[in-house]
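To start, the structure itself, in structure tokens.
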Amino acid sequence: MKKVRILLADDHKFITDSLKSILQPTYEIVGVVADGHKLIKEAAKLLPDVIIADISMPKLNGLDAIRQIKKEGIEVKTIFLT
């Protein structure tokens with residue numbers, strides 16, 4: 001069975017490290033980014049099944065980054081952290 005591929009986006013390393021340790025046994029963590037611009041770039045490159053994104057990130061917030069990703073036609077489920 002194929003593991004769900006997850007891209008993590010949060011500017012706090014503690015959060016992404018914690019999520020990785022919790023999720024990695026069951027899911028494939030395909031990438032970790034710390035700002036909205038990198039989230040857009042990596043989502044287009046990695047095509048994850050799910051993005052777990054912080055709403056408040058530097059350079060471009062998570063909400064606007066996901067809007068841009070959807071606008072580019074990338075179909076991905078999203079979970080927002082606040």
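The values are calculated or read from the model by the stated rules, or taken from the named source; none is laboratory data. A quick note: this is a predicted structure, and the numbers were derived from the prediction, not measured. Methodologically, a virtual Cβ is constructed for each residue, glycine included, from the backbone with ideal geometry; neighbour enumeration extends over all protein chains shown. Note: areas computed on protein heavy atoms with side chains; ligands, DNA, RNA excluded. Shrake-Rupley method; radii C 1.70, N 1.55, O 1.52, S 1.80 Å.
Some observations on this one:
- Leading residue by the ranking (nearest to Pro58 (Cα to Cα)) among those in the stretch 1-24 that are open to solvent by 40 Å² or more (accessible area, probe 1.4 Å) and charged (D, E, K, R): Asp11
- Cβ-Cβ distances below 6 Å connect the following pairs, each with a first residue in the stretch 14-34 that is closer than 24 Å to Ala44 by Cβ, a second residue that is among the polar types (S, T, N, Q), and a separation of six or more residues or different chains: Val32/Thr16.
- From the list Lys77, Lys71, Lys45, the lone residue that is modelled with pLDDT of 95 or more, surrounded by fewer than 16 Cβ atoms within 10 Å (Cβ to Cβ), in contact with an Asp or Glu (Cβ under 8 Å, 6 or more places away or on another chain) and not acidic (Asp, Glu) is Lys77.
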